[in-house]
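The values are calculated or read from the model by the stated rules, or taken from the named source; none is laboratory data. Model, not experiment: these values are computed from the prediction. Here the Cβ is made from the backbone with ideal geometry for all residues, glycine too, and neighbour counts use every protein chain on show. The area values use the complete protein model at the heavy-atom level, side chains included, leaving out ligands, DNA and RNA. Shrake-Rupley method; radii C 1.70, N 1.55, O 1.52, S 1.80 Å.
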Amino acid sequence: MKKFFLSGLAVFMLASCYHGATDEQLNQYVAAIQQYYPYTLNDDFVFVNDSTGEKWEGQPYDYYGKGIYPYSYSSSCKEPGASCFGDWSARVEATLATVGIDPRLAGFGDMTTDISYCGGGPIVLWNVKILLSVDKSLQWHCMYDCSDGDVFRILTDTVYVPYTTTHQLLKEPITQPEGGYAQIVKGKGLTAFSIDGKTIWRRVQ
């Protein structure tokens, strides 16, 4: 009886000490992220290079086959004593297919924003990947540690995600010099990208 009582007390203490995000907070995080993803399945993505006039065209790709775009979800592990106790995540992603390239054969790009907690404090992650051609993709990535718990200070009107890597088929990834960025604007989404900070691809409507 005493053993049962102590076990129950331990479970109660763990539950009362849970400091993860509530369902309401997770919904708020998802809603905040969605402001950077004003897209539908009927959109197109046309970017033109300022210097060369080259054009990159993308289109929404319904990766999950649910007719939802962008796709958002959240999760929270609240079970007392579980290995993931206290972990949570709020995420929005928009998968991009390059026009003229079958994503089932060559892959696809995507834009992803994730607010998560795995101990130590919330983390805000931004990732942008564009499949420029069948054998070449570009990636922008950054991660912010919100140790003070204030994730909303990261969600500014305009976010610049640093350019990180060029991936080419059958070649080692190339880490680029600093200066490149992907520009993401609230209410507009991805508006421009660059791999060197000088030559800029801008979205045209």
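Numerical summary
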| read-out | value |
| --- | --- |
| Approximate spin-label separation residue 22-residue 199, in nm, with each point projected 7 Å along Cα-to-Cβ | 5.1 |
| Region 112-154 - percent of accessible surface contributed by carbon and sulfur, probe 1.4 Å | 53 |
| Cα→Cβ-extended label distance, 7 Å offset, between residue 141 and residue 52, nm | 2.4 |
| Above-threshold pairs, the threshold being 22 Å between Cα atoms, out of 66/186; 129/198; 136/186; 55/129; 55/186 | 66/186; 136/186; 55/186 |
| Net lengthening on full extension, residue 192/residue 66 (0.36 nm per residue, minus Cα-Cα) | 42.5 nm |
